[in-house]
1. Tell me the Rg and the Dmax, in Å, that the Cα atoms of region 73-216 produce.
2. At a 10 Å Cβ-Cβ cut-off, how would you order SER202, SER185, fewest neighbours first?
3. Rank these for me by crowding, THR233, THR8, going from fewest to most other beta carbons within 10 Å.
4. Sorted by packing (mean other beta-carbon atoms within 10 Å per residue), highest first, where do 224-232, 211-219, 66-74 land?
5. From the phi of every residue in region 217-223, what ³J(HN,Hα) in whole Hz does the Karplus formula 6.51 cos²θ - 1.76 cosθ + 1.60 yield, where θ is phi - 60° and glycine or proline is x?
6. Based on the Cβ-Cβ distance of GLN227 and ALA145, what FRET efficiency does E = 1/(1 + (r/R0)^6) give at R0 = 45 Å, to the nearest 0.05?
7. Quick one: how many lysine pairs in region 1-143 have C-alpha atoms under 26 angstrom apart, if they're 8 or more apart or on different chains?
8. Using θ = phi - 60° and the Karplus relation 6.51 cos²θ - 1.76 cosθ + 1.60, list the HN-Hα couplings for region 200-212 in order, rounded to whole Hz, with x at every Gly or Pro.
Amino acid sequence: MEVLKIATPVVKLLRLCDGAAPAMGKVMPRMNSIRGVIANSTVPWKEGALKIHDARWAYLKSPMHLAGYALDPEYLAHDMSGDIQEALISIIEKMAMRYEYSRLTSNPDSLSGPMLARKLTVDDPGVQRLAGEACVELASYQDSAGILSRPFVKEQAKTLPPAQWWSMYGKNLPALSKVACTVLSQPVCASAAERNWSIYGSIKTDRRNRMRHSVSDRLVYCHEALQLRIKRTKAGYKEPAVKWESDSDSDENNSDNEEDLMV
C-alpha cells in the first residue's frame, strides 16, 4: 500500500501532462504534493526516492512553471513571494518583449519598425512600459480586487480552463490577462508534438517525398484543426479542464481514481 500511495500521484501527474487539458499551473503543486507523500511514507528507500524526485524537479522546473502556478486562479490565495514572484516578473518581461516585437513588425509599410525590432531587448522602454502595466495589474489580481473577490468567479474555475477563466474574468486586467492566457495555454510536455509528428509521417510518405515542407505543415495544421472542429461541434462537448481540488482529468474519464490504478 505504501508503494501505491507514492506511485498513484506520480501516475496521475504523468497522465495529466500527457492529456489535452491545460496544466502549466498544476505541475508545481503536484510535484510538491508528491514530495510530501514520499517524505511522510515509511518505505525503506524513502531517502533515495526523495533524491530522485528532487533531481527530476530541479531538471524540469522553469520560470514558466512557476509563472503558471502564480497565474492559475486555483492558487490565487497562496503565497507568491520569493522565487515564484521573481520568475513571474521575468516571464512578464519576456512576454512584453514578444508583444512589442509583434507590434513593431506588424506594419508592413514601416521601414523602421523591423529594424527596431531586431535590436529589441528586455530593457527597451516600450517593453518595460508593457511589463509595468502588467505588474500593476498583478497587484490587483493578487489582492482579489474588484470582480475577482466574488465567490461565483472563484467557483467558475472548477469548470473553466485557466486561460478561458482569464478571458472571461480578466477583462479589467488586459495586460496581465494577455500574459496569463499565453502562459497557461502552453503545453507541459512534448506529447502533442509527438502526435503531430505521427500525422506528419502519414502525410509526407516516401511516395510524396517531393512535397514541400510548407505544404505538409499546412496539411498537418488543417488535419488537427478539422479534428478539433469536429469535436467542438458534437453535442455535450466540454473544453478539457483540470478541476479545483481534484486529480481527475475530465468529467467523463474517471480512470485516475485509486481503485482503477490499483487494478
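Readers should treat all values here as calculations from the given coordinates under stated rules, not as data from a laboratory. All values reported here derive from a predicted model rather than from experimental measurement. Reconstructed Cβ throughout: ideal geometry from the backbone, glycine too, with neighbour counts over all protein chains shown.
1. When restricted to Cα atoms, region 73-216 yields Rg and Dmax of 19.9, 60 Å.
2. Values: SER202 11, SER185 15.
The order, fewest Cβ neighbours first, is SER202, SER185.
3. By the 10 Å Cβ count, ascending, the order reads THR233, THR8.
4. 66-74, 211-219, 224-232
5. 4, 5, 5, 5, 4, 4, 4
6. So, using R0 = 45 Å, E works out to roughly 0.65.
7. 16
8. Coupling constants for region 200-212: 4, x, 6, 8, 9, 9, 4, 6, 10, 6, 8, 5, 6 Hz.
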